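J.: The structure follows.
The values are calculated or read from the model by the stated rules, or taken from the named source; none is laboratory data. As the structure is a computational prediction, the values presented were derived from the model and not from experiment. Methodologically, a virtual Cβ is constructed for each residue, glycine included, from the backbone with ideal geometry; neighbour enumeration extends over all protein chains shown.
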Amino acid sequence: MVRAVILANDPLDRSAPPWSWTAVADLIRLRNQSGTWLLMLPSLWSLVLANHGRPPLALMGVFVLGAFVMRSLGVVFNDLADRNFDKHVARTSSRPLADGRLVPRQALLVALILTLCAALLVLALNPFTMLLSPIALFLAAIYPFSKRWIHMPQAVLGIAFGWGAIMAWAASCGRIDPLAWLLFGATICWAMAYDTIYALQDREDDRRIGVKSSALFFGEAVPEAVGLFLGGMVVCLVLAGQLSSLRMEYYLVLALLSGLFLWQVLRLKASVTPHAAFIMFQQHVYAGAVVLLGIWFGAFNSPH
């Protein structure tokens, strides 16, 4: 019933409001770049590992810019797909499409510009990586709709973010090695963990409007599920370190991170407020940066 009412009030045919750069900035989450970091870091893990601690600066620049552009494009797709749900959720009701500061055709124009920017960046990469790039666009486009289809859309997000690591490896080596797939697996596990924590903020609203999430799917077992995902991430990263002969510094970093992850799992066993869930989610940006430093120190001058 609620969903029928929401879909009946779609604002597609409203006249467009005047363009506002503030609204466009809010549309692409310019003031909150946590998602950009979470997309970018696995790509940087891959670049550093594939290049033995010495990634080309030009290649790093392409993937840093690419992460910003693709994350911005992803949230535009997300807001277009969820514009009729967002107005009924407290946390998202002030988004530009939900509160009427922009209309869908304006957001589509922003998406087109971002897609063109992404295409220009891809032209700087080798032909094999160019062939992989449409998959990244496809994943960014389908993720918002996965919340209607499957109980764990966080897995789709993980695949989308992990694809950056695959592309970074291909851009460095011209092929995809087993190490790249281990980083891909680590990213999927990591995203399923931190995005399940993130979804705790909207659990009651999602249940009310019929949106699926792993936070709803696992229910009381969220702490165990998050622990399992984070354990899978650490296992993948340990195996990657073994295959690439990383030095001991890398494993010390993973041990420290495992302590943070254990603390988060124990914290989730208590009642977690939406604000606390968001803080725990943000801690994963720092966790990913620490993994990058661990790979960098572990790969530099290591035997290969």
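J.: Does region 123-132 hold any residues that are without any contact (Cβ under 8 Å) to a residue 40 or more places away in the chain, surrounded by fewer than 16 Cβ atoms within 10 Å (Cβ to Cβ) and in a helix (DSSP H, G or I), and which are they?
T.: Our first condition is that a residue be without any contact (Cβ under 8 Å) to a residue 40 or more places away in the chain; within region 123-132, this holds for 123, 127, 130-132.
Keeping just the survivors that are surrounded by fewer than 16 Cβ atoms within 10 Å (Cβ to Cβ) gives 123, 127, 131.
Those that are without any contact (Cβ under 8 Å) to a residue 40 or more places away in the chain, surrounded by fewer than 16 Cβ atoms within 10 Å (Cβ to Cβ) and in a helix (DSSP H, G or I): P127, L131.
J.: Inside region 222-250, can you point out the residues that are part of a helix (DSSP H, G or I) and either β-branched (V, I, T) or at positive phi (or both)? Reasoning before the result, please.
T.: From region 222-250, those part of a helix (DSSP H, G or I) are 222-243, 248-250; that's our starting set.
Passing the criteria: V222, V226, V234, V235, V238.
J.: Only residues in region 287-300 that are closer than 15 Å to L260 by Cβ count as the first member; pair them with residues that are not in a helix (DSSP H, G or I), Cβ under 9 angstrom, at least 6 apart or cross-chain, and list the lot.
T.: Hits for this filter: G294/L246.
J.: Filter region 64-98 down to the residues that are of a type in the set (G, A, S) and part of a helix (DSSP H, G or I) and list them by number. Quick ask: steps written out before the conclusion?
T.: Keep residues of region 64-98 that are of a type in the set (G, A, S), which gives 66-67, 72, 74, 81, 90, 93-94, 98.
Across region 64-98, the qualifying residues are G66, A67, S72, G74, A81, A98.
J.: Among the listed residues D177, D195, D205, identify the single one that is surrounded by fewer than 20 Cβ atoms within 10 Å (Cβ to Cβ) and under 30 Å from G61 (Cβ atoms).
T.: D177
J.: Would you mind finding the one in V253, V272 that is in a helix (DSSP H, G or I), farther than 15 Å from G227 by Cα and either free of Cβ contacts under 8 Å to residues at least 12 places away in the same chain or β-branched (V, I, T) (or both)? Steps first, answer last, please.
T.: Values: V272 fails: in a helix (DSSP H, G or I).
Every option except V253 fails the conditions.
J.: Got a sec? Which of L102, L120 is in a loop (DSSP other than H, G, I, E, B) and not acidic (D, E)? Show your work before the answer.
T.: Working: L120 fails: in a loop (DSSP other than H, G, I, E, B).
L102 is the lone residue from the list that is in a loop (DSSP other than H, G, I, E, B) and not acidic (D, E).
Yes or no, residue by residue, for (1) closer than 26 Å to Y198 by Cα; (2) crowded, with 19+ Cβ neighbours inside 10 Å; (3) in contact with a Ser or Thr (Cβ under 8 Å, 6 or more places away or on another chain):
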| residue | (1), (2), (3) |
| --- | --- |
| K87 | yes, no, yes |
| R91 | yes, no, no |
| L97 | yes, yes, no |
| A107 | yes, yes, no |
| C117 | no, no, no |
| P134 | no, no, no |
| F138 | yes, no, no |
| K147 | yes, yes, yes |
| I150 | yes, no, no |
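J.: Limited to region 208-224, what total is found for residues that are among the basic types (K, R) and surrounded by 17 or more Cβ atoms within 10 Å (Cβ to Cβ)? Give the derivation first.
T.: Taking region 208-224 as the starting set, the residues that turn out to be among the basic types (K, R) are 208, 212.
Then keep just the ones that are surrounded by 17 or more Cβ atoms within 10 Å (Cβ to Cβ); that gives 212.
Here the count works out to 1.
J.: Answer yes or no: is there a residue in region 225-232 that is β-branched (V, I, T) and surrounded by 22 or more Cβ atoms within 10 Å (Cβ to Cβ). Steps first, please.
T.: Our first condition is that a residue be β-branched (V, I, T); within region 225-232, this holds for 226.
Now drop any that are not surrounded by 22 or more Cβ atoms within 10 Å (Cβ to Cβ), which leaves 226.
Yes; the residues of region 225-232 include at least one that is β-branched (V, I, T) and surrounded by 22 or more Cβ atoms within 10 Å (Cβ to Cβ).
J.: Could I ask something else about it? Name the residue that is farthest from the chain's Cα centre (by Cα), counting only residues in region 25-74 that are β-branched (V, I, T) and surrounded by 20 or more Cβ atoms within 10 Å (Cβ to Cβ). Quick ask: steps written out before the conclusion?
T.: Step one: of region 25-74, the residues β-branched (V, I, T) are 28, 36, 48, 62, 64, 69.
Subset that is surrounded by 20 or more Cβ atoms within 10 Å (Cβ to Cβ): 28, 36, 48, 62, 69.
Numbers: I28: 14, T36: 7, V48: 19, V62: 18, V69: 13 Å.
Within region 25-74, the match that is farthest from the chain's Cα centre (by Cα) is V48.
J.: Since A136 meets every condition but one in (1) closer than 24 Å to P55 by Cβ; (2) among the hydrophobic types (A, V, I, L, M, F, W, C); (3) assigned to a helix (DSSP H, G or I); (4) touching a Leu at 6+ places or on another chain (Cβ under 9 Å), which condition does it not meet?
T.: Against the list (1) closer than 24 Å to P55 by Cβ; (2) among the hydrophobic types (A, V, I, L, M, F, W, C); (3) assigned to a helix (DSSP H, G or I); (4) touching a Leu at 6+ places or on another chain (Cβ under 9 Å), A136 comes up short only on (4).
J.: Hey, another quick one. For region 273-283, check the following and say yes or no: at least one residue is more than 30 Å from N84 (Cβ to Cβ) and modelled with pLDDT of 95 or more.
T.: Step one: of region 273-283, the residues more than 30 Å from N84 (Cβ to Cβ) are 283.
Checking which are modelled with pLDDT of 95 or more leaves us with 283.
Yes, because at least one residue in region 273-283 is more than 30 Å from N84 (Cβ to Cβ) and modelled with pLDDT of 95 or more.
J.: Just checking, how many residues over region 158-182 are within 14 Å of the chain's Cα centre (by Cα) and among the hydrophobic types (A, V, I, L, M, F, W, C)?
T.: Filtering region 158-182 for residues within 14 Å of the chain's Cα centre (by Cα) gives 158-165.
After this cut, where a residue has to be among the hydrophobic types (A, V, I, L, M, F, W, C) as well, the list is 159-161, 163, 165.
Residues that pass the stated criteria total 5.
J.: If we scan region 60-73, do we find a residue that is without any contact (Cβ under 8 Å) to a residue 24 or more places away in the chain and not hydroxyl-bearing (S, T, Y)? Outline the logic, then answer.
T.: First, the residues of region 60-73 that are without any contact (Cβ under 8 Å) to a residue 24 or more places away in the chain: 60-61.
When the remaining residues are screened for being not hydroxyl-bearing (S, T, Y), the result is 60-61.
Yes: region 60-73 contains one or more residues that are without any contact (Cβ under 8 Å) to a residue 24 or more places away in the chain and not hydroxyl-bearing (S, T, Y).
J.: Oh, and also: Just to be sure before I move on: is P17 at pLDDT 90 or above and touching a helix residue (DSSP H, G or I) at 6+ places or on another chain (Cβ under 9 Å) in the structure I sent? Quick ask: steps written out before the conclusion?
T.: Numbers: at pLDDT 90 or above: no; touching a helix residue (DSSP H, G or I) at 6+ places or on another chain (Cβ under 9 Å): yes.
In short, no.
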